[in-house]
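The structure appears below as structure tokens.
The values are calculated or read from the model by the stated rules, or taken from the named source; none is laboratory data. Note that the structure is a prediction, hence the values are computed from the model and not measured. Virtual Cβ from ideal backbone geometry, glycine too; neighbours counted across all protein chains shown. Protein only, heavy atoms only, side chains kept; ligands, DNA and RNA dropped before computing areas. Shrake-Rupley method; radii C 1.70, N 1.55, O 1.52, S 1.80 Å.
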Amino acid sequence: MEDDMKSEINKLKNALSVPSSSDISITTLNKLNKAPIASFLVDMVKILEQNLDLCKSAAATCDKLKSEQIELQKQLISVQSDQMAAVKQSVKAEMKKWADVARKTVSQNNAEKQVFSEKQFNDNQSC
């Protein structure tokens, strides 16, 4: 597509005897008869129509890719949410285990303190 456009512009530059496309002007175009200009216009219209079809196709492809990306992102978010829920559940279970261990330890310490206190009391009473 790009090569076709460059080729047509080069043909026009050659027909106008100008070194660059920036030298193309209404004055230089008026020096040509209609045939080369008409040929250039017909060829450029064909290229532009092809380019429009290509752009439409590219836009459709972009839309499809965006939709696929959005769907993949939704799936990723869903998987991450599931993983977060699993981690949360694991942490909750571990915290419960540690709380139970702490409660049991505190209860045992309190029981041992009470037994020790009772023993001291009994020892003091017997003196």
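State the number of residues belonging to region 77-101 that are open to solvent by less than 100 Å² (accessible area, probe 1.4 Å) and not acidic (Asp, Glu).
Looking only at that region, the number is 12.
Mind listing whichever residues of region 14-32 are in a helix (DSSP H, G or I) and open to solvent by 70 Å² or more (accessible area, probe 1.4 Å)? Even if it seems obvious, please write down each step before you answer.
Taking region 14-32 and keeping what is in a helix (DSSP H, G or I), we get 14-16, 21-23, 26-30.
If the condition is that a residue be in a helix (DSSP H, G or I) and open to solvent by 70 Å² or more (accessible area, probe 1.4 Å), then ASN14, SER22, ILE26, THR27, ASN30 are the ones that fit.
Suppose we filter region 33-43 for residues that are modelled with pLDDT under 90 and surrounded by 14 or more Cβ atoms within 10 Å (Cβ to Cβ); how many remain?
4
For region 67-76, does any single residue satisfy the condition of being touching a residue at least 24 places away in the same chain (Cβ under 8 Å), assigned to a helix (DSSP H, G or I) and surrounded by 10 or more Cβ atoms within 10 Å (Cβ to Cβ)?
In the first step, residues of region 67-76 are kept if they are touching a residue at least 24 places away in the same chain (Cβ under 8 Å); the result is none.
No: zero hits.
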